[in-house]
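One structure is given below, encoded as structure tokens.
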Amino acid sequence: MNKVMWYAVWVRSGQENRVLELCKTFRHYHPDAYEECFIPTYEKYRKVKGQPTKQLAHLLPGYLFFVSDHPQELQKLLKRIPEFAKTLGDDDGAISLYQEEVEFLQRYTGDERILKMSEGYLVGSELVVTDGPLKDYQGKVMKIDRHKRTAVLELEFLGRKTKVTVGLEVVRKFDCKCLWRQDRNEKYLSEKSG
């Protein structure tokens, strides 16, 4: 029995959903090709008629992901799909994701393969995530867009640094001086009452 691995396939950006449906359609020719085929997504807010509405967007645009223990069968399936661009790897088969990448996708997108909206606040320029899947995230946050309620993370993907947009609501921004004064006032009040 082969080991179950995760594989990435590159497709033209904007064609991910179409190729995903084709993979499901052609699967009857190669039933052992994969256990799961998915497009990881993230929640984001977008205004619709003036109201913020949750929507899903592709976490890694231009990629489909497969979980399979039969890479040769997966390769045969992909060769049947005309819109398929290329498998990330050599001609002998698909290249598997690094274990850290699999763990990132499993941890942050869960079984639904959706990275849910996170919530936090800023202290000066430092982000503190208080709720959501990014609560314990230790990676680099490149940019925060409070208006669009998104953050851009930098992570390693297939051996190179990649920028990934995720949903993040920054509910408040604190000035460092304001927090210092508040902390000092609380100490003064506790000393005075004690």
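The values are calculated or read from the model by the stated rules, or taken from the named source; none is laboratory data. Please read these numbers as outputs of a predicted model, since none were measured by experiment. Every residue, glycine among them, receives a Cβ derived from its backbone with ideal geometry; neighbour counts consider all protein chains shown. Heavy atoms of the whole protein, side chains included, go into the accessibility calculation; ligands, DNA and RNA do not. Shrake-Rupley method; radii C 1.70, N 1.55, O 1.52, S 1.80 Å.
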Subject >> Number of the condition not met by ILE95 [criteria: (1) at pLDDT 85 or above; (2) of a type outside the set (Phe, Trp, Tyr); (3) surrounded by fewer than 18 Cβ atoms within 10 Å (Cβ to Cβ)] >> reply: (1)
Original post:
Name the pairs whose Cβ atoms lie under 7 Å apart, with the first residue in segment 119-141 and at negative phi, the second loosely packed, with under 15 Cβ neighbours inside 10 Å and at pLDDT below 80, and 6 or more positions between them or separate chains?
Top reply: VAL123/CYS176; VAL123/LEU179
Original post:
In the set VAL170, VAL128, which member is part of a strand (DSSP E or B), surrounded by 14 or more Cβ atoms within 10 Å (Cβ to Cβ), of a type in the set (A, V, I, L, M) and modelled with pLDDT of 85 or more?
Top reply: VAL170
Original post:
Restricting attention to segment 1-53, which residues are among the charged types (D, E, K, R), open to solvent by less than 80 Å² (accessible area, probe 1.4 Å) and in contact with a helix residue (DSSP H, G or I) (Cβ under 8 Å, 6 or more places away or on another chain)?
Top reply: ARG27
Original post:
Can you name the residue in segment 68-77 that is touching a helix residue (DSSP H, G or I) at 6+ places or on another chain (Cβ under 9 Å) and open to solvent by less than 20 Å² (accessible area, probe 1.4 Å) and, of all such residues, is nearest to MET5 (Cα to Cα)?
Top reply: SER68
**OP:** For ARG18, work out the one condition from (1) charged (D, E, K, R); (2) more than 23 Å from GLY167 (Cα to Cα); (3) out of contact with any Asp or Glu (no Cβ under 7 Å at 6 or more places or on another chain) it doesn't fulfil.
**Re:** (3)
